[in-house]
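What follows is a short report on a single structure.
Here, each number is a calculation from the coordinates, and none is a lab measurement. Remember, it's a predicted structure, so these values are computed and weren't measured experimentally. As a convention, Cβ positions derive from the backbone with ideal geometry for all residues, glycine included, and neighbour counts pool all protein chains shown.
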Amino acid sequence: MPRRVILTLILAGFFISISHPQVNAASTPNPKKSSSKKLFLWKIHPRTGLQNSYILGSIHLLKPEFFPLHETIEKAFSDSSILAVETLASPEERVATTMKKGIYIAGDPRSLKDQTSEKTYRLLTGKLKTFGMDIGLFAKFKPWYMAQTISVINIMKRGFQPGYGIDVYFIDKAKEKKEIIALEKLDEQVDFYDTLPQEVNEAYLLSVLKQETPDDGIEQIAGAWLKGDAKKMNRILVHGMKNSPALKIIYEKLVYERNRNMADRIAAHLKTAHKSFFFIVGATHLVGKRGIIRLLMDKGFPVDQL
């Protein structure tokens, strides 16, 4: 992986966002995509006087071969007036915000080494060596920021690219054509990570380092997304929690708490606006009994998977 790309990841962490490469969305869709029984797309049926809206699960890093997207997804986007995504910020804003939260500031005596156990630090040192990187470069990283950096590098080594993220793709398409709004503030999203208890913070990093096949998860998630398999997506989500109390805490805060917040905001938009929305949130936020789809249904919104 080119050093420039790695350094960009170090600065931007998991929140990296770059311009989407040119994708010919009008091309004839891949037959395998067209024959899928389900999509990771749901229609939210209108209440009296309101229009249909849609909610699409996103994967923030994908491969070029996932495009063009299914024609039903493209039509739902085309028919909608407003694009609503998780966060809306420039790459520069994302880098600045994540660095501010994810790196111990000058004068702060804390360091990555003294905020992790000897075992975790040793595993991390070995992992970075496999990337051809020295741990000294990350001396002031917080454990959660280090975990995100490792995860993104692992994912990109499998050919997944942030420039092909579903949300980035549609934001580019919507520019100067549709109104674009955000469901979360960037500061708010980063704070979910930065307020993790210290012991949970380290456990998050350790869980990333101890994965026997650290990059297979993205392959499974992408496969479930392509088939519209919400049940499998949920199984992937909860699998990591079974044997890790720390991961349960992380998921409660980073997934389920955010699910409740975003569902409330989506519902508020649907109740007040006489326009059609195209919502895009991370695919794992939509699934399961505590996912956004179920929460919207509990609020009285009929929702059907397409």
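Taking 51 Å as R0, compute the FRET efficiency from the Cβ-Cβ separation of residue 157 and residue 52 and round it to 0.05. List each step's numbers first, then the result.
On the way: r = 40 Å, r/R0 = 0.78.
The computed FRET efficiency comes out at 0.80.
Mean projection of the alpha-carbon convex hull of the range 42-84 over all orientations, in nm²? Intermediate values should be presented prior to the final figure.
Numbers: hull surface 14.4 nm².
If I average the Cα hull's projected area over directions, I get 3.6 nm².
Taking the alpha-carbon distance from residue 101 and a cut-off under 24 Å, which lysines remain once sequence neighbours fewer than 8 residues away in the same chain are dropped?
By straight Cα distance, residue 101 reaches 113, 127, 140, 142, 185, 248, 253.
Could you give the Stokes-Einstein D for the range 152-227 in µm² per second, using the C-alpha Kirkwood radius, 10 °C, 1.306 mPa s? Please list the in-between numbers first.
Details: Rh = 15.4 Å.
D, rounded to a whole number, is 103 µm²/s.
Quick one: if you stick a label point 7 Å off each Cα along the C-beta vector at residue 199 and residue 119, how many nm between them?
1.4
Placing one identical point scatterer on every Cα of the range 217-306 and ignoring solvent, what is log10 I(q)/I(0) from the Debye formula at q = 0.14, 0.18 Å⁻¹?
-0.54, -0.85
Report the extension gain between residue 75 and residue 37 in nm, rounded to one decimal, defined as 0.36 nm multiplied by the number of residues separating them, less their alpha carbon distance.
Working: separation 38, 0.36 × 38 = 13.68 nm, distance 1.70 nm.
Separation in residues times 0.36 nm, less the Cα-Cα distance, equals 12.0 nm.
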